[in-house]
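Novice: Please see the structure below; I have some questions.
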């Protein structure tokens, strides 16, 4: 009985070992299939998506426009969606532009695709290059030239509250909220960096000829470089005005 029990135990142990080896073999085979499949599909995974039919049509029309007008800084948009029969286009070579006419900022293009003629209408707008942040810029950070990129915007989308020149941003800082990359910037979103803060101690400088006196005062308002601010002498409680000349520095002149 003991011998038979030992024999059965050995058989069971062998079976479990075989089962484990079988499972590992199946698992390895599965991983091998996945790996080979990924290798075969690498070109597809990293391939660029083909352009949309609308993009192809507009590109073809734009090339015709550039030839006739010698102008490239424009944005073209379609007046309405393309006909269903044009949604299968995959290449500009499929399109023939028979006629292109321009009336103000409106265009009319007669296209031929697979022996079928189509009338495509749209609008042409001048392009403006607007400054946008290329990273998150937090309040207190000074905006530098390298923090900005340029982004196209149709002229019709321009609002009077938008910053149109990078020079109007450099040296300034965001107010309230950070600037977000690739978003057009409003004039209300930026301001001068505060060199003097209300309630904080500042160094007061008084110069008159060869006479130079310095002391401490308490700022009664915020101020940036060049701003006139009110400052109080903490001992005499006398209020004076001076010009911000640096970080926590106010000049009282002479």
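Every number in this text was worked out from the coordinates using simple rules, so none of it is lab data. Everything quoted here is computed from the prediction, not taken from an experiment. Note that each Cβ is placed from the backbone with ideal geometry, even for glycine, and that neighbours are counted across all protein chains shown.
Novice: Under 10 °C and 1.306 mPa s, how fast does the stretch 114-188 diffuse according to Stokes-Einstein, given a Kirkwood radius computed over C-alpha pairs? Answer in µm²/s, whole number.
Specialist: Values: Rh = 14.0 Å.
Diffusion coefficient, whole number: 113 µm²/s.
Novice: Using the alpha-carbon centroid of each, what span in Å lies between the stretch 105-137 and the stretch 168-219?
Specialist: 44 Å
Novice: Kirkwood Rh and Cα-based Rg: tell me the resulting Rg over Rh for the stretch 73-211, rounded to two decimals.
Specialist: Ratio of gyration radius to Kirkwood radius: 1.29.
Novice: Per residue and in Å³, how big is the convex hull formed by the alpha-carbon atoms of the stretch 151-202? Provide the component values of the computation, followed by the final result.
Specialist: Numbers: hull volume 5.0 nm³, N = 52.
Per-residue hull volume (Cα only) is 96 Å³.
Novice: Arrange the peptides 110-118, 162-170 so that the one whose residues have, on average, the most other Cβ atoms within 10 Å appears first. Intermediate values should be presented prior to the final figure.
Specialist: Working: 110-118: 13.3, 162-170: 15.8.
Put in order of decreasing packing, that is 162-170, 110-118.
Novice: Let me ask you something else. log₁₀ I(q)/I(0) of the stretch 201-253 at q = 0.21 Å⁻¹, via Debye over equal Cα point scatterers, no solvent, to two decimals?
Specialist: With no solvent term, the Cα-only Debye profile gives -0.66.
Novice: May I ask for the distance between the Cα centers of the stretch 147-164 and the stretch 230-254, given as a whole number of Å?
Specialist: Rounded to whole Å, the Cα centres lie 40 Å apart.
Novice: Of 54, 182, how do they rank once you tally other Cβ atoms within 10 Å and put the fewest first? Don't skip to the end; give the middle numbers.
Specialist: Working: 54 15, 182 9.
Result, fewest neighbours first: 182, 54.
Novice: Which order do 161, 65, 206 fall in if you start with the one that has the fewest other Cβ atoms within 10 Å? Let's see the in-between values first.
Specialist: Details: 161 11, 65 21, 206 16.
Listing 161, 65, 206 from fewest to most nearby Cβ atoms yields 161, 206, 65.
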